[in-house]
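Taken together, the values in this text are just the output of simple stated rules run on the coordinates, not laboratory data. The shown structure was predicted, so the numbers you read here are calculated from the model rather than taken from an experiment. Cβ: placed from backbone, ideal geometry, glycine included. Neighbour counts: every protein chain shown.
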């Protein structure tokens with residue numbers, strides 16, 4: 001690995017890309033095995049995402065909401081790290097405080113040849 005293969009990101013700089021009154025998603029990393037984004041949902045917004053083709057990890061940076069995974073609800077607050085497996089239905093509901101998340105996605109799973 002050369003010194004140019006790695007990157008450093010400032011959370012505050014990333015958060016600046018999702019400010020505003022509307023839901024926003026900003027992908028800051030698009031690697032072959034991992035991608036990363038910041039996702040913002042204002043209080044009262046509707047999260048319309050569906051199941052993903054990748055495993056996903058959310059790090060809750062700010063805000064409060066409920067995460068609905070299948071038929072299970074969980075209160076979400078800053079400091080939580082949540083893992084959602086591939087193809088599992090999930091969405092953020094009852095967003096009571098502007099929600100800011102760091103989202104990391106694994107590479108799309110492919111069958112071995």
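Where does each of 22-30, 63-71 land if you order them by average Cβ count within 10 Å, highest first?
63-71, 22-30
Run the numbers on the chain and let me know its relative contact order in percent, using alpha-carbon pairs under 8 Å that are six or more apart. Walk me through the numbers before you get to the answer.
Working: 240 pairs, mean separation 34.2, N = 113.
Computed over the chain, the figure is 30 percent.
Over the chain, with a Gaussian network built from C-alpha contacts below 10 Å, which listed residue (101, 14, 41) shows the highest mean-square fluctuation?
Highest fluctuation of the listed residues: 14.
Given a 10 angstrom Cα cut-off, can you work out which residue in 77, 90, 46 is the most mobile in a GNM of the chain?
Largest GNM mean-square fluctuation: 46.
Using Cα springs under 10 Å in a Gaussian network model of the chain, which residue among 60, 38, 72 shows the largest mean-square fluctuation?
72
Roughly what would the spin-label model give for residue 97 and residue 43, points 7 Å off Cα along C-beta, in nm?
Output for this residue pair reads 1.0 nm.
Quick one: pull the percentage of alpha-carbon pairs in the chain with a separation above 22 Å.
Tail of P(r) above 22 Å: 33 percent of Cα pairs.
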